[in-house]
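S.K.: Before I ask anything, here is the structure I am working with.
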Amino acid sequence: MLQIALPDGSVRAYDHPVTVANVASDIGPGLAKAAIAGKVDGQVVDTSTRLSDDCALEIVTARSDEGLEIIRHSTAHLLAQAVKQLFPDAQVTIGPVIENGFYYDFSYPAGFSETDLEKIEERMSALARADHAVVRSVMGRDEAVDHFRREGELYKAEIIRSIPGGEPISLYGQDDFVDLCRGPHVPSTGHLRAFKLMKVAGAYWRGDSRNEMLQRIYGTAWADARQLKAYLRQLEEAEKRDHRKLGRQLDLFHMQEEAPGMVFWHPRGWTLYQILQQYMRTEQQKRGYQEINTPEVVDFTLWKKSGHADKFGEDMFSVQSEGRDFALKPMNCPCHVQVFNQGLKSYRDLPLRYSEFGSCHRNELSGALHGLMRVRGFVQDDGHIFCTEDQIQDEVSDFIDFLHHVYSRLGFTDILYRLATRPENRVGTDESWEKSEAALARALDHKGLSWEELPGEGAFYGPKIEFSLKDDLGRIWQCGTMQVDFSMPGRLDASYVAKDGSRQTPVMLHRALLGSMERFIGILIENWEGKFPVWLSPVQAVIMNITDKQQEYARGVEKTLKKQGYRVECDLRNEKIGFKIRAHTLQRIPYLLIVGDREVETRTIAIRAQGGDDLGTMPVEEFVRVCLTGR
């Protein structure tokens, strides 16, 4: 008797083999209609999969993460089918799932236009409405190569030839279209209801610039029209908040080809940068961090000794001088160990907390650069804590409190926690990795936080907690990190005198809250849409006169506020007040201070808040107390 265990604890018994679809139908017609796959003993399979041995089964629907990934993968096949019907000369290559969607690469020298994308999407909708069955089949390797060659699909034939081993080749067919794929896929095209093609771009075959340039069509797919609509609305909002666009509009920064991946900060942008940096500096000093500064150019021997040369050598900028090889530092940690190594350290000195706003450089591919979010030159709010094993959990717990405080102050309260564990290629002993992973897990549990494990995604020298924040649009940004390292201090000869007089190697905790200052400022710009809170705004208020008669009074107000340390400007241009108000509203200035004859006479200012709220008139001292300090 075949026994199939379901997630609710019930068991279905059959006296003959059944498919996943059979079990779904047996449970109920609603589930049968919604089923797009099954999860058999943890492995996702097609609904047509035959079950002949006892197993645990979960029916996968579009509402699950696995179901949504299958929908996106199947929609990529739908795209390829539509392209082949409309453009028979196009050859299909690969079409994987990506975040929020999929893409498919085609060899089509004529290229696709925006009008073509509209036609392709219309054909995809027609194929979905036709509800063609999606059927899996297998072929021998040579047979499959011959099949795709006959079809003129030379790229598919090449892919099959490159697959190692002698296993049969898995194919999926729907109506007149057959594609190479391991699956699983939806049972029929009718399950693909909510999708949209987004754009077309160029991509080299196998990512090699020596190969043919292909046409890559990007798309997005969702479980239903409501989710699709919400995603497209989010994209529209994100476009309005694009930090590159706002960076130009608010005169914060620019980037140019002569320095790819490097930032030219303008006065207002650099003011924002300094405010954020000084805030972090002050908060770190409160928590016992000693700020240091280390060289940007360091001999390559140090990077070899630390292990970074082997792991990140291709991403490092190198330079030669007097027969020696140097590198622009891609990270700060080996240099912090050099500071620790100066002078004898005792257990009484631990934990020792170093911080640095360290300038780093990484040779990112030019195609990966993206405004402030992906740069070649950046500054990390870096920190390293040297401690004993017994101090790890307390230090990690204190850091979590620190991170919550900073993120909340900057407007982020929804945080995700992930524990990345040992990768296959790593340094250190299994015992040290077990200690490190356990300490991080205990710290998260001690704080009562819900966290997810990321197996195999730790750094090469130790496990880490990744702290990801959700912005105002619900997007997730991984920023903070806490990493336990039992390896690097020993590799770089760090030691301290223990209580018993012996020499011991300290544990090194690598930590950052913001990560890259540049990237975090990009996140801030988009989260706040450039409408920063008053304390963070590069210009907190602009004073505007109505006529030339108020110029002297306006300058007096500016002088008073600047003496108290507030960031204010005067706009005394010979323009109408409405023009000035609009101009500074577009600049996202928190407060617009207007002075006319009445304000001069009463020694007050008329105040408009961001968003157009009229706060009335008040003396400057009251404005400072109520608006600028919040008291």
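The values are calculated or read from the model by the stated rules, or taken from the named source; none is laboratory data. Note that this is a predicted model, so its numbers are computed, not measured. Please note: Cβ atoms are built from the backbone with ideal geometry, for glycine as well, and neighbour counts cover all protein chains shown. We work out accessible area using only protein heavy atoms, side chains counted, and drop any ligands, DNA or RNA first. Shrake-Rupley method; radii C 1.70, N 1.55, O 1.52, S 1.80 Å.
S.K.: Are any of the residues in region 203-211 open to solvent by 30 Å² or more (accessible area, probe 1.4 Å), more than 26 Å from Glu69 (Cα to Cα) and assigned to a helix (DSSP H, G or I)?
M.R.: Scanning region 203-211, I find no residue that is open to solvent by 30 Å² or more (accessible area, probe 1.4 Å), more than 26 Å from Glu69 (Cα to Cα) and assigned to a helix (DSSP H, G or I), so the answer is no.
S.K.: Keeping to region 223-262, report how many residues are within 18 Å of Gly522 (Cα to Cα), within 20 Å of the chain's Cα centre (by Cα) and open to solvent by less than 70 Å² (accessible area, probe 1.4 Å).
M.R.: Qualifying residue count for the region: 11.
S.K.: Could you check region 430-462 and list, in sequence order, the residues that are assigned to a loop (DSSP other than H, G, I, E, B), surrounded by 14 or more Cβ atoms within 10 Å (Cβ to Cβ) and without any contact (Cβ under 8 Å) to a residue 60 or more places away in the chain?
M.R.: Lys447, Leu449, Trp451, Glu457, Gly458
S.K.: Among the residues of region 30-58, write down those that are over 19 Å from Val138 (Cα atoms) and over 32 Å from the mean Cα position of the chain (by Cα).
M.R.: Scanning region 30-58 gives Gly30, Leu31, Ala32, Lys33, Ser52, Asp53, Asp54, Cys55, Ala56, Leu57.
S.K.: Output the residues belonging to region 185-198 that are touching a residue at least 40 places away in the same chain (Cβ under 8 Å) and touching a Lys or Arg at 6+ places or on another chain (Cβ under 9 Å).
M.R.: Scanning region 185-198 gives His185, Thr189, Gly190, Phe195.
S.K.: Something else now. Do the conditions hold for Gly522, that is, is it closer than 29 Å to Arg268 by Cβ and in contact with a Gly (Cβ under 7 Å, 6 or more places away or on another chain)?
M.R.: In short, yes.
S.K.: Does Glu526 fit the bill of being of a type in the set (D, E, K, R) and without any contact (Cβ under 8 Å) to a residue 60 or more places away in the chain?
M.R.: No: the conditions fail for Glu526.
S.K.: Is it the case that some residue within region 354-377 is open to solvent by less than 10 Å² (accessible area, probe 1.4 Å), among the polar types (S, T, N, Q) and closer than 30 Å to Gln274 by Cβ?
M.R.: For region 354-377, residues open to solvent by less than 10 Å² (accessible area, probe 1.4 Å), among the polar types (S, T, N, Q) and closer than 30 Å to Gln274 by Cβ: present.
S.K.: Starting from region 580-593, keep only residues that are touching a residue at least 60 places away in the same chain (Cβ under 8 Å), then list their pairs with residues that are assigned to a helix (DSSP H, G or I) whose Cβ atoms are within a distance under 9 Å, requiring at least 6 positions of separation or different chains.
M.R.: Final answer for the pair search is Leu586/Gln249; Gln587/Gln249; Gln587/Arg268; Arg588/Leu246; Arg588/Gln249; Arg588/Trp528.
S.K.: Tally up the residues in region 295-328 that are among the β-branched types (Val, Ile, Thr), open to solvent by 40 Å² or more (accessible area, probe 1.4 Å) and closer than 22 Å to Asp485 by Cβ, please.
M.R.: Residues meeting the conditions: 1.
S.K.: Another question about this same structure. Restricting the first residue to region 163-175 and requiring it to be part of a loop (DSSP other than H, G, I, E, B), which pairs with a second residue that is surrounded by 12 or more Cβ atoms within 10 Å (Cβ to Cβ) and not hydroxyl-bearing (Ser, Thr, Tyr) meet a Cβ separation below 7 Å and a spacing of at least six or different chains?
M.R.: Gly166/Arg141; Pro168/Met139; Pro168/Gly140; Asp175/His132
S.K.: While we're on this one: Between residues in region 367-396 that are under 30 Å from Arg503 (Cβ atoms) and in contact (Cβ under 8 Å) with a residue 24 or more places away in the chain and residues that are open to solvent by less than 20 Å² (accessible area, probe 1.4 Å) and among the β-branched types (Val, Ile, Thr), which pairs lie under 7 Å by C-beta distance while being six or more apart or on different chains?
M.R.: So the pair list comes out as Cys387/Val507; Thr388/Val507; Glu389/Val507; Ile392/Val484; Ile392/Val507; Glu395/Ile385.
S.K.: Moving on. Since Gly190 meets every condition but one in (1) in a strand (DSSP E or B); (2) touching an Asp or Glu at 6+ places or on another chain (Cβ under 7 Å), which condition does it not meet?
M.R.: Going through the list (1) in a strand (DSSP E or B); (2) touching an Asp or Glu at 6+ places or on another chain (Cβ under 7 Å), Gly190 breaks only (1).
S.K.: Something else now. Collect the residues in region 572-614 that are open to solvent by less than 40 Å² (accessible area, probe 1.4 Å) and of a type in the set (A, V, I, L, M, F, W, C), keeping them in residue-number order.
M.R.: Those that are open to solvent by less than 40 Å² (accessible area, probe 1.4 Å) and of a type in the set (A, V, I, L, M, F, W, C): Leu572, Ile581, Ala583, Ile589, Leu592, Leu593, Ile594, Val595, Ile605, Ala606, Ile607, Ala609.
S.K.: Now for a separate question. On the given criteria, is Arg625 modelled with pLDDT under 95 and either of a type in the set (Ser, Thr, Tyr) or within 22 Å of Tyr279 (Cα to Cα) (or both)?
M.R.: yes
S.K.: Further, regarding this structure: Quick check on Arg625: is it open to solvent by 40 Å² or more (accessible area, probe 1.4 Å) and either under 25 Å from Trp528 (Cβ atoms) or part of a strand (DSSP E or B) (or both)?
M.R.: Here the answer is yes, as Arg625 does meet what is asked.
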